[in-house]
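Everything on this sheet refers to the single structure shown next.
The values are calculated or read from the model by the stated rules, or taken from the named source; none is laboratory data. In this text the structure is predicted, and so the values were computed from the model without any measurement. Reconstructed Cβ throughout: ideal geometry from the backbone, glycine too, with neighbour counts over all protein chains shown. The accessibility values were calculated without ligands, DNA or RNA, using every heavy atom of the protein model including side chains. Shrake-Rupley method; radii C 1.70, N 1.55, O 1.52, S 1.80 Å.
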Amino acid sequence: MPILIERYRRWLDVPSDLTAYSIGEGNTPLVHWQTWGATRVWLKLEGSNPTGSFKDRGMTVAVSIARHSMARAVICASTGNTAASAAAYAGRAGLPAFVVMPEGQVAPPKMVQAAAHGARLIVVRGNFDQALSGVRTVAANESWIALVNSVNPWRIRGQETAAYEIVDALGTVPMMLVLPVGNAGNISAYFQGFHRYAGRAPEFLGVQAKGSDPLVQNRPLDHVATIASAIRIGRPASADSAKTAVKESHGQFLSVDDTAILAAQKELAHGGIFVEPASAAAYAGLLQRQSLQTLPSGDIVVILTGAGLKDTDTPLQWASIASTLSPADGILSTITTLLEEMAG
Ligand code: AN7
């Protein structure tokens, strides 16, 4: 399979002499999950990207362009996944990466990932929105540093490729697209991508976490709280284009609480698909929407944006890891006890 940029080169409008830096992004599975009456529910497993999130689609383009335009470093603010992806692609392209994270707000595996790829982590005492504002100022004043957050249009262009893949896989535009919304870059990318590639977009269901739902409340929030740390964002940079996507597609924003997010994470994981809380929020949003209103007939695609191992703490709220035996106890008798537990 050619790399993502080569596969969709003519849709991406990248410079003809661009050297593409790839680690095998895109071409993620579209899994038929369940059929509910006349509705087929598909899951797009974006956690199967090389760094475990959808960010890789945009990052391959943004970092390749940064290198092409002679940038000497890349910078981003991040709730974790952008940082891990920027770090990996910067490593691939031979550029230093500086990733700025809100203190105590990022799932540790994502920090480990970014550090392992060689990025330098800068932790700010503040929230994501303040971190983003800080890096935007730095990048505006220092032309040698390329900003690779989704305010960089090349990130959005790269993320459009997920819409292309869905159209290619289904042979058509689905009826509805469900996805988690944080900084709102991804929903903007899908809207633009479906329009560019297929001339029309599905109905968008943009899902936010209660406590961190500025688009549902239709106002910026300075204090945000949710278990889904990836989308703990109160001032989405792409709020306007997200609102356009929802309005023009006759869609909606809705929010789901932490309990619903964890229940959705558990249901998906018990069905074989382990995703991080932000991604589980999308599925929780679909379940909530189904309980309120009939779903459209035909295909619905839920975007599962990040892998389960990205956040190893939250599943412990519903999963138990082990039964520890003393040498005298039998494994079989333990299995019997566990089976009784599971039945009851
Ligand atoms: C798993 O990494 O903002 O609405 O700094 O990691 O395009 O922001 C992550 C966002 C959904 C929301 N799911 O996407 C970051 C960051 C996962 C994410 C989102 C994020 P946007």
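Which angle between 0 and 90 degrees, to the nearest 10, do you get for helix 55-68 versus the longest principal axis of the chain when only C-alpha atoms count?
The two axes meet at around 20 degrees.
To the nearest µm²/s, what D does Stokes-Einstein give for segment 179-318 at 20 °C and 1.002 mPa s, using the Kirkwood radius over alpha carbon pairs as Rh?
Numbers: Rh = 15.1 Å.
Answer from the Stokes-Einstein relation: 142 µm²/s.
For GLN34 paired with VAL123, estimate the spin-label separation in nm (one decimal), with each label point 7 Å from Cα along the Cα-to-Cβ line.
Between GLN34 and VAL123, the label points sit 4.0 nm apart.
Describe numerically, in nm with one decimal, the distance between label points set 7 Å from Cα along Cα→Cβ at THR137 and at LYS266.
4.4 nm
By how many nm would the segment from LEU287 to VAL112 grow when fully extended, if each residue of separation counts as 0.36 nm and the alpha-carbon distance is taken off? Could the numbers behind the result be given before it?
Values: separation 175, 0.36 × 175 = 63.00 nm, distance 3.29 nm.
Roughly 59.7 nm would be gained on extension.
Beyond a 26 Å Cα-Cα separation, which of these cross-linked pairs lie in this structure: LYS55/LYS243; LYS110/LYS243; LYS44/LYS110; LYS110/LYS266?
Cα-Cα > 26 Å for LYS110/LYS243; rest within.
At R0 = 25 Å, how high is the FRET efficiency between ALA319 and ALA225 if r is their beta carbon distance? Nearest 0.05 is fine. List each step's numbers first, then the result.
Values: r = 23 Å, r/R0 = 0.91.
Efficiency at R0 = 25 Å is approximately 0.65.
Name the long-range amide H neighbours of SER212: under 5 Å, sequence gap of 5 or more, or other chain; modelled H, no Pro or chain starts.
For SER212, the qualifying residues are ALA225.
Carbon and sulfur together cover what percent of the accessible area of the chain at a 1.4 Å probe radius? Show your work: numbers first, answer last.
Values: 7760 of 14600 Å².
Solvent-exposed carbon and sulfur of the chain make up 53 percent of the total.
So how do 213-223, 28-38, 249-259 stack up, highest first, on mean other-Cβ count within 10 Å?
249-259, 213-223, 28-38
On alpha-carbon atoms, Rg over Rh for segment 55-153 using Kirkwood Rh?
0.93
Step through the residues of segment 260-268 one at a time and calculate ³J(HN,Hα) from phi using the Karplus curve (6.51 cos²θ - 1.76 cosθ + 1.60, θ = phi - 60°), rounding each to whole Hz and writing x for Gly and Pro.
5, 5, 5, 5, 5, 4, 5, 4, 5
Just from its helices, what would the mean residue ellipticity at 222 nm be for the chain, if runs of 4 or more DSSP H residues each count -39500 (n - 2.57) and the sum is divided by every residue, rounded to the nearest 500 deg cm²/dmol?
-12500 deg cm²/dmol
I want to verify a result. In a Gaussian network model of the chain, Cα cutoff 10 Å, which of these has the top mean-square fluctuation: GLY285, GLY94, GLY26?
GLY94
Any chance you could get the radius of gyration and Dmax over the Cα atoms of the chain, in Å?
Cα only, the chain: 20.3, 69 Å (Rg, Dmax).
Using only Cα atoms, tell me the angle between helix 161-170 and the longest principal axis of the chain; keep it within 0 to 90° and round to the nearest 10.
50 degrees
Out of residues 5 or more away from VAL123 or on other chains, whose amide H comes under 5 Å of its own, with H placed 1.01 Å from N in the peptide plane?
Correct list: MET101.
Tell me which residues come under 5 Å, amide H to amide H, from VAL302 once H is placed; ignore anything under 5 positions away on its chain.
Here TRP42, LEU43, LYS44, VAL178 satisfy the definition.
By how many nm would the segment from ARG72 to LEU339 grow when fully extended, if each residue of separation counts as 0.36 nm and the alpha-carbon distance is taken off?
That works out to 90.3 nm of additional length.
Distance from the Cα centre of segment 1-73 to that of segment 82-158, in angstrom?
When both Cα centres are located, 18 Å separates them.
Arrange the peptides 116-123, 84-91, 271-278, 14-21 so that the one whose residues have, on average, the most other Cβ atoms within 10 Å appears first.
Ranked from most to least packed, the peptides come out as 84-91, 271-278, 116-123, 14-21.
Return the Rg/Rh value of segment 227-284, two decimal places, where both radii are evaluated on C-alpha atoms and Rh is the Kirkwood radius.
Looking at segment 227-284, the ratio lands at 1.05.
Helix 277-292 sits at what angle to the longest principal axis of the chain, using alpha carbons and giving 0 to 90 degrees rounded to 10?
70 degrees
I need the phi-derived Karplus couplings for segment 4-19: 6.51 cos²θ - 1.76 cosθ + 1.60, θ = phi - 60°, integer Hz, Gly and Pro marked x.
Here the 3J(HN,Hα) series is 3, 5, 6, 4, 10, 3, 6, 8, 8, 6, 7, x, 5, 9, 5, 8 Hz.
Would you kindly derive the ³J(HN,Hα) couplings of segment 216-229 from the backbone phi angles with the Karplus curve 6.51 cos²θ - 1.76 cosθ + 1.60 (θ = phi - 60°), listing them in order in whole Hz, with x for Gly and Pro?
Here the 3J(HN,Hα) series is 6, 7, 6, 7, x, 10, 8, 10, 10, 8, 6, 5, 7, 4 Hz.
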